[in-house]
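The values are calculated or read from the model by the stated rules, or taken from the named source; none is laboratory data. Source: prediction; values computed, not measured. Methodologically, a virtual Cβ is constructed for each residue, glycine included, from the backbone with ideal geometry; neighbour enumeration extends over all protein chains shown.
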Amino acid sequence: MIDLILTQFPELASKMSWNLPTIHRNGKYVVGICAYKHHLTFSPWSPRVISDFKVRLGKFVLFKNCFQIPVDWEIDRELVKDLVRARLAELD
C-alpha cells in the first residue's frame, strides 16, 4: 500500500514516526499505516476524511481518525488514492 501511494503521489515521502510507517508532504502527515496481528490500520489523521468516506468505508471498523482493514484485504487502489487525495486537499 505504501508503494502504491508513493508511486501515485511522487511528491510524498515515507518515514517512521511513532514506530509506524507514515507518509508525509513537507513535514505534514498525510497517512499512516500500521500492521497488527489480525488487521492493518490506515490513518489519514482526519475525522473529516473518515466522515466523508463513511459509505465507502462501511465494511471496515471505523474510528475518529482511522479505520481497520483485514490483513487479507485485496487493496482497493481507487479507494486508497481517493483517501490520499482527500487528505492532501485538506492540507492545502
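Structure above, values below:
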{"item": "Condition check for Ser43: in contact with a Gly (Cβ under 6 Å, 6 or more places away or on another chain) and either among the basic types (Lys, Arg) or at negative phi (or both)", "result": "yes"}
{"item": "Flag if Leu83 is closer than 16 Å to Ile5 by Cβ, out of contact with any helix residue (DSSP H, G or I) (no Cβ under 9 Å at 6 or more places or on another chain) and modelled with pLDDT of 95 or more", "result": "no"}
{"item": "Some residue of region 65-79 being of a type in the set (Lys, Arg), within 17 Å of Leu4 (Cα to Cα) and surrounded by 15 or more Cβ atoms within 10 Å (Cβ to Cβ)", "result": "no"}
{"item": "Where Ile50 falls short, out of the listed (1) at pLDDT 95 or above; (2) touching a Pro at 6+ places or on another chain (Cβ under 6 Å)", "result": "(2)"}
{"item": "Residues being at pLDDT below 95, exposed (fewer than 12 other Cβ atoms within 10 Å of the Cβ) and closer than 19 Å to Asp82 by Cβ - total across region 1-27", "result": "1"}
